[in-house]
Amino acid sequence: MSPFAIDHVIAGCRDLAHAVNVIESATGVRAAAGGTHHGKGTRNALLSLGHLRYLEIIAPDPEQPRLEWFRGIAELEEPRLIGWAAAGGDITGVAQRLRDAHLAFTGPLTGTRTRPDGVTLEWRTIMLDDDAGGMLPFFIEWGAGSIHPSVTAPAGCELVRFDAADTDAAPWTRTAAALGIDLPLAPPAAHGAPARLRGTIRGPSGTLQL
């Protein structure tokens with residue numbers, strides 16, 4: 001059994017409103033505004049995917065001067081998966097697991113986000129120095145006083161498939177195996193296609209392929 005579980009998957013797009021509309025049209029559930037990441041240049045909207053799991057839709061925040069986080073989202077006309085977060089209990093234990101596997105990382109780092117209702121969420125994360133372009137996760141532990149976003153985000157959807165498509169996955173799959181991360185590998189849609197995460201979200205009105 002994997003020591004890590006999917007906490008959330010991240011869909012990036014250059015236009016948050018457009019991404020929210022696309023996802024609502026496919027699933028029948030409209031993501032709710034999550035808030036801004038101050039100093040990172042991004043804002044998000046959230047959709048619950050069931051117990052302790054959610055979709056984060058992230059886009060540039062026009063109220064901030066620079067995009068410092070997930071810079072590639074400024075080029076994405078349509079929402080697509082760009083990363084994911086794994087939960088594995090106490091973040092210091094995650095750090096030790098990475099050290100034991102001789103994997104370089106940064107953190108734990110403290111993060112915050114203020115919801116539209118004024119509530120501030122807190123978390124700690126660890127970032128792999130080499131996450132294989134987002135194929136491998138970052139690791140998150142939510143603050144003791146923070147309500148998990150899956151509880152307050154609009155419900156009704158579930159993640160029914162999550163995998164990676166890559167023609168040369170050996171380097172990152174070795175890391176995944178060393179950590180016990182379960183990320184199924186599937187062939188890409190076309191020969192020579194770039195590596196990418198893929199997911200299927202099912203809602204009351206239909207399914208969405210990301």
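Rule-based calculations on the coordinates, nothing more; no lab input. Computed from a predicted model, the values in this text were never measured in an experiment. Methodologically, a virtual Cβ is constructed for each residue, glycine included, from the backbone with ideal geometry; neighbour enumeration extends over all protein chains shown.
Charges only on Cβ, +1 for Lys and Arg, -1 for Asp and Glu: so what's the dipole of segment 5-156 about the Cα centre, in debye to the nearest 20? The partial results should precede the final answer.
Details: 13 positive and 18 negative charges, 34 e Å.
Roughly 160 debye for segment 5-156.
Under 8 Å for C-alpha pairs, at least 6 residues apart: give me the relative contact order for the chain, rounded to a whole percent.
Numbers: 490 pairs, mean separation 52.5, N = 210.
RCO, the chain: 25 percent.
With θ set to phi - 60°, apply the Karplus curve 6.51 cos²θ - 1.76 cosθ + 1.60 along segment 153-164 and write out the HN-Hα couplings as whole Hz, x wherever there is a Gly or Pro.
Result, ordered by residue: 6, x, 9, x, 10, 9, 8, 9, 8, 8, 8, 10 Hz.
Taking the Cα centre as origin and putting +1 on Lys and Arg beta-carbons and -1 on Asp and Glu beta-carbons, what dipole magnitude results for segment 79-210, to the nearest 20 debye? Spell out each step's value before the answer.
On the way: 11 positive and 13 negative charges, 57 e Å.
About 280 debye.
Tell me which of 8, 33, 82 sits at the most positive position along the dipole axis of segment 1-154, charges placed on C-beta atoms (Lys, Arg +1; Asp, Glu -1).
33
Between residue 92 and residue 25, take the C-beta separation as r, use R0 = 45 Å, and let me know the FRET efficiency to the nearest 0.05.
Details: r = 42 Å, r/R0 = 0.94.
The computed FRET efficiency comes out at 0.60.
For residue 61, what residues show an amide H to amide H distance below 5 Å, using hydrogens built from the backbone and excluding near sequence neighbours?
HN-HN under 5 Å from residue 61: 42, 43.
Residue farthest toward the positive end of the dipole of the chain, with Cβ of Lys/Arg at +1 and Asp/Glu at -1: which of 119, 95, 197?
119
Measuring from label point to label point, each 7 Å out along Cα→Cβ, what is the residue 186 to residue 64 span in nm?
The answer from the label model is 3.1 nm.
Of all GluC sites (Glu not before Pro) in segment 5-95, which ones are in loop regions per DSSP and have a Cβ with at most 11 other Cβ atoms within 10 Å? Walk me through the numbers before you get to the answer.
On the way: sites: 24, 56, 63, 68, 75, 77; in loops: 63, 68, 77.
Sparse-neighbourhood loop GluC sites (Glu not before Pro): 63, 77.
What list of ³J(HN,Hα) values in whole Hz, one per residue of segment 198-207 in order, does the Karplus curve 6.51 cos²θ - 1.76 cosθ + 1.60 (θ = phi - 60°) give from phi, with Gly and Pro shown as x?
9, x, 10, 10, 10, x, x, 9, x, 10
Please list, in order along segment 93-102, the HN-Hα scalar couplings obtained from phi with the Karplus expression 6.51 cos²θ - 1.76 cosθ + 1.60 (θ = phi - 60°), rounded to whole Hz, x for Gly and Pro.
x, 4, 4, 5, 4, 5, 4, 4, 8, 6
Given the rule -39500 (n - 2.57) for each run of at least 4 DSSP H residues, summed and divided by the residues of the chain, what is its mean residue ellipticity at 222 nm, to the nearest 500 deg cm²/dmol? Numbers along the way, then the final one.
Numbers: 4 runs with 36 residues, N = 210.
Taking each H run of at least 4 residues, the total per residue is -5000 deg cm²/dmol.
If the label point is 7 Å along Cα→Cβ of residue 120, which residues in segment 30-69 have backbone nitrogen under 14 Å from it?
36-39
For residue 167 paired with residue 110, estimate the spin-label separation in nm (one decimal), with each label point 7 Å from Cα along the Cα-to-Cβ line.
That separation, rounded to one decimal, is 4.6 nm.
Starting from the 7 Å offset along Cα-to-Cβ, what nm value, one decimal, do you get for the label separation of residue 144 and residue 177?
Inter-label distance under the simple model: 4.0 nm.
Once you have the Kirkwood Rh of the chain from its Cα pairs, apply Stokes-Einstein at 25 °C and 0.890 mPa s and quote D in µm²/s.
It diffuses with D of about 140 µm²/s by this estimate.
Tell me which of 23, 49, 65 sits at the most positive position along the dipole axis of segment 13-80, charges placed on C-beta atoms (Lys, Arg +1; Asp, Glu -1).
Checked the options; the winner is 49.
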